[in-house]
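Colleague: Would you mind keeping the following structure in view while I ask a few things?
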Amino acid sequence: MLEHLWLIPLLPLLGAASNGIFVSRWPRSAVNAIALGSTGLSFLATLEVAREFANLSADQIPWLRSYFTWIEAGSFRADFALQVDQLTLIMLLVVTGVGWLIHLYSIGYMPDDTGYRRFFAYLNLFMFFMLTLVLAANYLVLFVGWEGVGLCSYLLIGFWFLKKTATDAGNKAFWVNRIGDFGFLLGLFLLFRQFGTLDFAPIFRNSAALPVETSGHGVLTAIALLLLAGATGKSAQLPLYVWLPDAMEGPTPVSALIHAATMVAAGVYMVARSHVLFTHAPVAMFAVAVIGCATALFAATIALVQTDIKRTLAYSTISQLGYMFIACGVGAFGAGIFHLMTHAFFKALLFLGAGSVMHATGGEQDMRLMGGLRKSVPWTYATMFIATLAISGTPGFSGFFSKEEILLAAGTGPYANSVIYVLGVITAGLTALYMFRLLFLTFHGVPRFDQKKTHVHESPRIILAPLAVLALLSVVGGWWAAPHLVGGLNYFDNFLKLVFLASETSSSTDSYSGNSQLIATVFGPPMVAAFIGFLLAWLLYIRRPETPKRLAESLSAPYRLLAGKYFVDELYALLIVRPLVWISANFLWRAVDEESIDGLVNGVAREAGEIGDRLRHLNSGNMRTYAAWVILGAVVLTTLLVWTVR
């Protein structure tokens, strides 16, 4: 399989083509077999790659294969080249493994949808582009996958295209991502201008030989900041996060696959892949950390008052992506990828669990109209409870290991920053508060729905099976780092060490990964903050459920601010959207298009018509007039001939 890496993305592409083009008259069982079979085979191929990769020697990594020359123009050449190293392997396993589980879940979740075949064609197409992104050996192939997942996100968010809110959300995601992608493209142009290639190996090798730009001025700093612009769009960070909450208009499996587990992690992956560039640009590194910290805290505060179960999880995703940016910004790239992996497990589980709740309650998403569901949907409750413990950083669960590594790196690592550490700890407490609020409002207390009209029932096994697997991964997914608690080896970080420490001249070679102080954080500030968050949620929503309403009334201004999501969408509409619409309608449309372009074309046509109208009167049918014109023409012609002879 190492010789045939192209098979891994090709299989989902064939599945997308088959479901999208060739099986319009086939039964849904054929659609299921193609969708599950293509992604399942891709996952099996990834497992075989992992087995063969384990037998490679250090000098064979990264394993790179160029299949053909894609573009060649002057001095520029780009091959369709794929590679596998430790980072690629982690991403491949996450994308194909979690992706296959979500495909399986979708069969039980969307059996009656009229766009069933189209849905699975889009899901398979997304898998193709995401796998292309993570397997790429150069920035150009990565950019193809990057734009492809953006396209699929647009298609899947607006999947129910007869619903205006869905199409608006898809358009919003498309345009916001284009803003970030413009910066990303400029970064690629600057990379080629500086290094004459877009291949990872020579760029990183030559970058490692350059001095660290401590002054903040230099081409590497500019490149890193432009790449960061692309990452903020794709991974929904400030100020380009606004598309992700609206993306919940798409089907719930889409939220789990694209907007929790894989696509939104593409920005984090790209920053980690480009770590040599960033570690040589400390200003860009600091910008990554600051954006991540601000986003994590900002989104967590909004999640505190959301009433829609999916939107609460959407803001949670934005916040957790902020943690991954913090990790990359403080030089703990391995910890950032670790949290990317664990987050894929428990956040996909939370979204799929939310879908199971909606399935059980007839599509209800408002947590204020739920309550008391734990006895009716025990399996859904148990799995979501596990995911809540994981995302809250409970010791022994996957989120504990990855989140604690990030915060310890922020506090004691080579790029440590006490402000970022404190705000990260506060965000950990807020995470526990809003997640247990979600759990208590949904499953505990008295039912707040009409039990005569809503017949709550547990989801079928085909929905519960992926939940059970993801729940298991949410528990054991972080145990690679468990020996580190007692002074042993962090196997996950050690596995990635060769990727992130390959450049010996890099200022971040002394990474956080070897720090043995993790045991001190088990009862440290992050865990204390999370426990306080849990106690507050229990007190407000179990012990005294009437208190939140009184708090909202007494603190009406802060509550309205959070409920209004800081009115960022309204601010963007006032400062950007409406002026652009006005300029488009009144200047570009009427002045430029209608009056200038159309006016010129229509004016020429109008004048030609008027001239033709005058000329047609010459054809009067009067023989005397025709004879006069013939004589006049003869006189003119004779005069010209005489003039020419002279």
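Colleague: If we scan region 21-31, do we find a residue that is among the β-branched types (Val, Ile, Thr) and touching a strand residue (DSSP E or B) at 6+ places or on another chain (Cβ under 7 Å)?
Modeller: No: region 21-31 contains no residue that is among the β-branched types (Val, Ile, Thr) and touching a strand residue (DSSP E or B) at 6+ places or on another chain (Cβ under 7 Å).
Colleague: Can you find a residue that is open to solvent by 70 Å² or more (accessible area, probe 1.4 Å) and outside any helix (DSSP H, G or I) anywhere in region 44-56? Please lay out each step first, then the result.
Modeller: Taking region 44-56 as the starting set, the residues that turn out to be open to solvent by 70 Å² or more (accessible area, probe 1.4 Å) are 44, 47, 51, 54-55.
From what is left, the residues that are outside any helix (DSSP H, G or I) are 54-55.
Yes - at least one qualifying residue is present in region 44-56.
Colleague: Can you tell me how many residues in region 102-123 are among the hydroxyl-bearing types (Ser, Thr, Tyr), over 18 Å from the mean Cα position of the chain (by Cα) and open to solvent by 30 Å² or more (accessible area, probe 1.4 Å)?
Modeller: 2
Colleague: Here's another thing I want to ask about it. If you check Asp168 against the conditions, is it out of contact with any Pro (no Cβ under 9 Å at 6 or more places or on another chain), open to solvent by less than 60 Å² (accessible area, probe 1.4 Å), part of a helix (DSSP H, G or I) and not aromatic (Phe, Trp, Tyr)?
Modeller: no
Colleague: Ok, one more. Specify the residue that is farthest from the chain's Cα centre (by Cα); the eligible residues are those in region 124-165 that are outside any helix (DSSP H, G or I) and within 30 Å of Ala33 (Cβ to Cβ).
Modeller: Step by step, filter region 124-165, then rank; the result is Leu162.
Colleague: Next question, about the same structure. Could you please give the count of residues in region 399-452 that are farther than 30 Å from Pro282 by Cα, surrounded by 19 or more Cβ atoms within 10 Å (Cβ to Cβ), touching a Gly at 6+ places or on another chain (Cβ under 6 Å) and not aliphatic (A, V, I, L, M)?
Modeller: Here the count works out to 0.
Colleague: Just the residues that are of a type in the set (S, T, N, Q) and touching a His at 6+ places or on another chain (Cβ under 9 Å), please, taken from region 446-460.
Modeller: Selection gives Ser459 alone.
Colleague: Name the residue, out of Leu244, Leu227, Leu220, that is open to solvent by less than 10 Å² (accessible area, probe 1.4 Å), closer than 28 Å to Pro111 by Cα and of a type in the set (A, V, I, L, M, F, W, C).
Modeller: Leu244 is the lone residue from the list that is open to solvent by less than 10 Å² (accessible area, probe 1.4 Å), closer than 28 Å to Pro111 by Cα and of a type in the set (A, V, I, L, M, F, W, C).
Colleague: Looking at region 97-123 only, could you name the residues that are farther than 19 Å from Met358 by Cβ and β-branched (Val, Ile, Thr)?
Modeller: The one that is farther than 19 Å from Met358 by Cβ and β-branched (Val, Ile, Thr): Val98.
Colleague: What number of residues within region 247-260 satisfy the criterion of being within 11 Å of the chain's Cα centre (by Cα) and either hydroxyl-bearing (Ser, Thr, Tyr) or open to solvent by 10 Å² or more (accessible area, probe 1.4 Å) (or both)?
Modeller: 1
Colleague: Which condition from (1) modelled with pLDDT of 95 or more; (2) farther than 24 Å from Phe385 by Cβ; (3) hydrophobic (A, V, I, L, M, F, W, C); (4) open to solvent by less than 60 Å² (accessible area, probe 1.4 Å) is the one that Ala537 breaks?
Modeller: For Ala537, the exception is condition (2).
Colleague: Can you find a residue that is without any contact (Cβ under 8 Å) to a residue 60 or more places away in the chain, polar (S, T, N, Q) and in contact with a strand residue (DSSP E or B) (Cβ under 6 Å, 6 or more places away or on another chain) anywhere in region 51-62?
Modeller: From region 51-62, those without any contact (Cβ under 8 Å) to a residue 60 or more places away in the chain are 51-57, 59-60; that's our starting set.
Next, only the ones that are polar (S, T, N, Q) stay: 55, 57, 60.
With the extra rule that they be in contact with a strand residue (DSSP E or B) (Cβ under 6 Å, 6 or more places away or on another chain), the set shrinks to none.
No; the residues of region 51-62 include none that is without any contact (Cβ under 8 Å) to a residue 60 or more places away in the chain, polar (S, T, N, Q) and in contact with a strand residue (DSSP E or B) (Cβ under 6 Å, 6 or more places away or on another chain).
Colleague: Still on this model: May I ask you to list pairs of residues, at least six apart or on different chains, whose Cβ atoms are under 7 Å apart, with the first in region 170-194 being over 19 Å from Ala236 (Cβ atoms) and the second being outside any helix (DSSP H, G or I)?
Modeller: The qualifying pairs are Leu188/Leu198; Leu191/Leu198; Phe192/Phe76; Phe192/Leu198.
Colleague: Check Gln83 against each of (1) open to solvent by 60 Å² or more (accessible area, probe 1.4 Å); (2) outside any helix (DSSP H, G or I); (3) closer than 20 Å to Ile337 by Cβ and name the one condition it does not meet.
Modeller: (1)
Colleague: Determine whether Leu155 is touching a residue at least 24 places away in the same chain (Cβ under 8 Å) and in contact with a Leu (Cβ under 6 Å, 6 or more places away or on another chain).
Modeller: Considered against the rule, which asks whether it is touching a residue at least 24 places away in the same chain (Cβ under 8 Å) and in contact with a Leu (Cβ under 6 Å, 6 or more places away or on another chain), Leu155 comes out as no.
Colleague: Now a separate question. Could you list, in sequence order, all residues of region 459-468 that are buried (at least 19 other Cβ atoms within 10 Å of the Cβ) and assigned to a helix (DSSP H, G or I)?
Modeller: Within region 459-468, the subset buried (at least 19 other Cβ atoms within 10 Å of the Cβ) is 459, 463-464, 466-467.
Those that are buried (at least 19 other Cβ atoms within 10 Å of the Cβ) and assigned to a helix (DSSP H, G or I): Ile463, Leu464, Pro466, Leu467.
Colleague: Has region 482-496 got any residue that is over 26 Å from the mean Cα position of the chain (by Cα) and open to solvent by less than 20 Å² (accessible area, probe 1.4 Å)?
Modeller: Yes, there is a match, as at least one residue in region 482-496 is over 26 Å from the mean Cα position of the chain (by Cα) and open to solvent by less than 20 Å² (accessible area, probe 1.4 Å).
Colleague: Any residue at all in region 388-395 that is among the aliphatic types (A, V, I, L, M) and open to solvent by 10 Å² or more (accessible area, probe 1.4 Å)?
Modeller: Yes - at least one qualifying residue is present in region 388-395.
Colleague: So if I check each of Arg590, Arg550, Arg606, which one is surrounded by 10 or more Cβ atoms within 10 Å (Cβ to Cβ), within 30 Å of Tyr315 (Cα to Cα) and among the charged types (D, E, K, R)?
Modeller: Unique residue meeting the criteria: Arg550.
Colleague: Any idea which residue in region 609-644 is farthest from Asn586 (Cα to Cα), counting only those that are open to solvent by 100 Å² or more (accessible area, probe 1.4 Å) and among the charged types (D, E, K, R)?
Modeller: My answer is Arg624.
Colleague: May I pose another question? Got at least one residue in region 48-59 being polar (S, T, N, Q) and under 26 Å from the mean Cα position of the chain (by Cα)?
Modeller: Taking every residue of region 48-59 in turn, none turns out to be polar (S, T, N, Q) and under 26 Å from the mean Cα position of the chain (by Cα).
Colleague: List pairs: first in region 111-123 and part of a helix (DSSP H, G or I), second among the basic types (Lys, Arg), Cβ under 9 Å, 6+ apart or cross-chain?
Modeller: These pairs meet every condition: Tyr116/Arg28; Arg117/Arg28.
Colleague: Taking only region 334-353 into account, find how many residues are among the hydrophobic types (A, V, I, L, M, F, W, C) and either modelled with pLDDT under 95 or closer than 13 Å to Ala265 by Cα (or both).
Modeller: Qualifying residue count, region 334-353: 8.
The values are calculated or read from the model by the stated rules, or taken from the named source; none is laboratory data. All values derive from a computational prediction rather than experimental measurement. Because the Cβ atoms are built from the backbone with ideal geometry, glycine has one as well, and the counts that use them run over all protein chains shown. Remember, those area values only see protein heavy atoms, side chains included, never the ligands or the DNA or RNA. Shrake-Rupley method; radii C 1.70, N 1.55, O 1.52, S 1.80 Å.
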